[in-house]
1. How much of the accessible area of the range 107-197, probe 1.4 Å, is carbon plus sulfur, in whole percent?
2. Could you list the trypsin sites (Lys or Arg not before Pro) in the range 157-207 that lie in coil according to DSSP, counting only those with at most 16 other Cβ atoms within 10 Å of their Cβ?
3. Under a Cβ-Cβ cut-off of 13 Å, what is the net charge of the residues other than Pro4 that fall near it, where Lys and Arg count +1 and Asp and Glu count -1?
4. Taking H as built 1.01 Å from N, whose amide H comes closer than 5 Å to the amide H of Phe40, not counting residues under 5 places away?
5. What shape does the range 87-203 have by the C-alpha gyration tensor, where a ≥ b ≥ c are the square roots of the eigenvalues, rounded means a/c under 1.5, and otherwise prolate means a/b greater than b/c and oblate the rest?
6. How would Ile158, Ile104 rank on accessible area, largest to smallest, probe 1.4 Å?
7. The range 181-210 to the range 116-180: how many Å between their Cα centroids?
8. In the neighborhood of Glu35, defined by Cβ-to-Cβ distances under 9 Å, what is the net charge if each Lys or Arg adds +1 and each Asp or Glu adds -1?
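The values are calculated or read from the model by the stated rules, or taken from the named source; none is laboratory data. Here the structure is a predicted model, which is why all the values come from computation and not from measurement. Cβ sites come from the backbone with ideal geometry, for glycine too, and all protein chains shown count toward neighbours. The accessibility values were calculated without ligands, DNA or RNA, using every heavy atom of the protein model including side chains. Shrake-Rupley method; radii C 1.70, N 1.55, O 1.52, S 1.80 Å.
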Amino acid sequence: MSGPTLVIDLAEPVSPAALQEFRALMVGLSCRFEEKRPGFFDVNVPAGRLGVADRREEDRRKPFPLPLLGSTAVDDGLAALVGFDPQHEDPRRPFLVYLMGPGIGDEDVFAAEHEDEPEVEAVLGFRPTHAVNVSACCNGGIDHVATALLTAAVMDVIGGVAKAELLDGQASVVADLPGVLGITDDEWTVLGTAEFLRAWAGHPGFRLLK
């Protein structure tokens, strides 16, 4: 992928009902939707539908906080990024969002990504049975914020724990944010809740590892 990826680790398979909700969420957020297999979505998600304004269009930004951001994130300063003008939605935010694991698909990808992760499992408190990858196909700053907020929205529906690789020096940035469940001893990976992703997306030091 040309942009950042976040992973949602799951302690158990996604139920048929949760998979339906997952699909409904992706349909609702997307201006272009393709389901390649159950739980694998190739979509375009306009940033405005996630509550993010493209800074390249400052003069057309209209503050309009959306529920996906959460009140805490808005109160802490993310409101500066927030905006939604339905006349100027940007449809060019492509993502691949896909559930993977035994019995679902992409089993080899799941196995490769979760091979030999004792430190991560120690923080999680479980060995993941399945996961969801949220991968942006573009790498602008807006795509990093949109990836975090889209991942949080998916977690609201299916649960799980977000796993993000960190850039050098970011461990101290994220350590005190709400929703952080732990940081691995090598300071390369942080695990957290949807609340954490929303708080981090509003932090001045936010940037995902591409």
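1. The computed percentage sits at 49.
2. Values: sites: Lys163, Arg198, Arg207; in loops: Arg207.
Passing sites in the range 157-207 are Arg207.
3. Values: positive: Arg93, Lys163, Arg207, Lys210; negative: Asp143, Glu165.
Residues near Pro4 contribute +2 overall.
4. Distant-sequence amide H within range of Phe40: Leu99.
5. On the way: a/c = 1.79, a/b = 1.13, b/c = 1.58.
Note, shape of the range 87-203 comes out oblate.
6. Numbers: Ile158 30, Ile104 60 Å².
Correct descending sequence by accessible area is Ile104, Ile158.
7. Between the Cα centre of the range 181-210 and that of the range 116-180, the gap is 6 Å.
8. Combined, the nearby Lys, Arg, Asp and Glu give +1.
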